[in-house]
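Below is one structure, written out as C-alpha cells; comments come after it.
Please treat every number below as a calculation from the coordinates, not as lab data. In this text, all values refer to a predicted model and were calculated from it rather than measured experimentally. Backbone-built Cβ (ideal geometry, glycine too); neighbour counts: all protein chains shown.
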Amino acid sequence: MIDEHHEELAALYAFGLLEGAELADFETRLAGDPALTRLVRELRESASQLSYMAPAAKPSPELRARLLARLETAAAWRAQGTAVSFRIPAWLPWAAAACLALTSAWLGQLYLGSRFEITTLRDRQALADFQLRSTRNQLEAERLIASHQVGAGTEQVAALERQLKAQGDLANFKIATLASLLGNSPEALAVAVWNPARQEGVLVVEKMPALAEGKDYQLWLVDPQYPIPVDGGVFTVNPATGEAHVAFKAGKPVKSVTKFAVSLERKGGVPKAEGPMVLLSQ
Amino acid sequence: MKPTVITPEAVAAAERARFDAELLRRMANSDREAFAQLYDRFSRPLYATALRVLRNAAEAEDIVQDVFLALWEKADAFEPARGTAFAWAVTLTRNRAIDRFRLRQRRSELLSKTTGEDAGIRPYGSDRHSADELTLKERAGAVRAAVEALPAEQQVAVELAFFSGLTQQEIADQLSEPLGTVKARIRRGLFRLRDILGGHHD
C-alpha cells in the first residue's frame, strides 16, 4: 500500500518536478519498490496524454523530409563502408574548389547508385514476402476448415471459400479466428477474413447464443492508428443454430487490422463500444 | 476481487502501444519505413507540446527533430515494460523543451496572449480527412473531456505542471497558493486523469 505522501511524490516525479535531494531519495525508494514503480509508470502514461491539450499544430512538411533524407544519407554512407579522403592543394584555391566539385559529383553518384541497389533488393524482398503470405493464408484457411473448427461442409464455409477465390490477392488478406469470452458459451467461434484492398470482409460465426430482444452483436476492427476500435457493423445470429455469415465494411479507412472483436450492444449498434466483449481474436 | 472487464477500448489502447513498440524495434534495425510511420503517428502532438512550452515554431521544430533523431539512435534502448513509446517520446520532448525554455529565461511569457500566427502555429486542416487527423482529433477530444472533468483548480495545476517549465515553488507563487496545496492539487488531478483515461494510452 502506497501512502499519500509517496503518491504525491510519484505524481510530482511523473511531471519531472522533483529536484535535488527529494529526487534522489525518491529514485532510491523507486528502485526497490515494484508497486511504486508501477504507479509511476501509470502516472507518466496519464501525464503524457496532456500533450493533446496543447493547441493543435503540426510541423512543416520540410521537417519530415529533412529527417528522412538525413537517415537515408547516413545509411548510404554506411553501405559504402570505408571513408573517403582527398588532398586539397592548399596553394591553389581554384584547384581546391575543382577538387571539391569532382569529389562531390563522385560521392553523389555513389549515393544514387547505392539507393538504386537498395530499391532493387527491396522489391525482390517484397515479392518474396508476398508469395510467402499468399501461401500462409491459403494454408491457414484450409487448416481451419480441415480441423472442423469451423463447420466443414457447411454452406457458409463453402460460400466463404468461393468469395476468397473470386477476390484473389489472397496474400494480403487478414484471416483470424475469434475465440469466445462467454463463460456460458465457450464453444462459440468465429472466423473473420478482411480484404484491405477492398476495405471489406466476411465474418462467419458459429454456436453463438441467441440475442435477447433489443440487442445486437457488433463487430469491431482494431487498427492501431485509431484510439478506439473501428465499427464493423451489427449482425444477428440464427437463433436455432447460432450461426451467421456476414459481409462487413469498416466505418472508416483501415490501414492495418491487428485484432477483431465482437461485443454485445443495444439494437442498431453504438458508435463506441459500451457492452461486454464476447469474441476476441488472438 | 472484482473481475477485470476487458473493453474493446482497452484492447485498442494495448494494440496501439504494441504497434508503436514494434515500430521502435524495427527502427533499432535501421528500418526507415518504421521511422516514417512513427513520425506520422507522433510528430503532431510532440510538436504541439514543444510549441506550447516554447511559443516559437522554429525552436519547436528543432526540439522535434532532436527527439526523433534520439528515438532513432536509442530505439534499441526502449523497454516496453517501463512504459509506452508515446510516453517516452513525450518525456523526451518535454524535457528538451523545458530545458531550452529555462535557458531562455522567458518566464514572463507564460501569461502572454500569443496568437496562433505569432507563435507560428499551423493548425490542422489541409489533410482534414486523413486517418491520422481523425485519430488526433478523437484523442484530443477524449483528453480534453477528461481534463475538463477535473475541478478548475486541479486543471490549472496539472496544466502548469506539464507545460509551464516552472518548479513546484514557482507554480505555487504563480497561483498565490501554499506549496502544500499546489502539490495536493497536482496529485489529485493526475490521479483523477489516470482513472478517467484508463486504457486510453498511446
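Values computed for the structure shown
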read-out	value
Compactness of the stretch A:10-81 as Cα Rg over 2.2 N^0.38 Å, two decimals	1.76
Paramagnetic reach from A:Q282 (point 7 Å along Cα→Cβ, amide N under 19 Å) across the stretch A:249-267	A:257-262
Subset of A:K58/A:K255; A:K215/A:K259; A:K207/B:K137; A:K174/B:K74; A:K215/B:K137; A:K207/A:K255 violating a 27 Å alpha-carbon distance limit	A:K207/B:K137; A:K174/B:K74; A:K215/B:K137; A:K207/A:K255
Inter-probe distance in nm under a simple model that places probes 7 Å from Cα toward Cβ, at A:A24 and B:A149	4.1 nm
Average beta-carbon neighbours from other chains, 10 Å sphere, peptide B:165-178	1
Directionally averaged shadow of the stretch A:1-41, computed from the convex hull of its alpha-carbon atoms, nm²	2.5 nm²
Inter-label distance for A:S60 and A:A197, nm, one decimal - labels placed 7 Å from Cα along Cα-to-Cβ	4.0 nm
Zone residues, the stretch A:241-282, relative to A:N184, backbone N less than 14 Å from point 7 Å out along Cα-to-Cβ	none
10 Å Cβ neighbours from other chains, averaged over peptide B:42-54	5
Ordering of A:251-259, B:85-93, B:167-175 by burial proxy (mean other Cβ atoms within 10 Å per residue, highest first)	B:85-93, A:251-259, B:167-175
Partner chain coverage, peptide B:136-145 - average Cβ within 10 angstrom	4
Taking the C-alpha atoms of the stretch B:62-107, convex hull volume expressed per residue in Å³	73 Å³
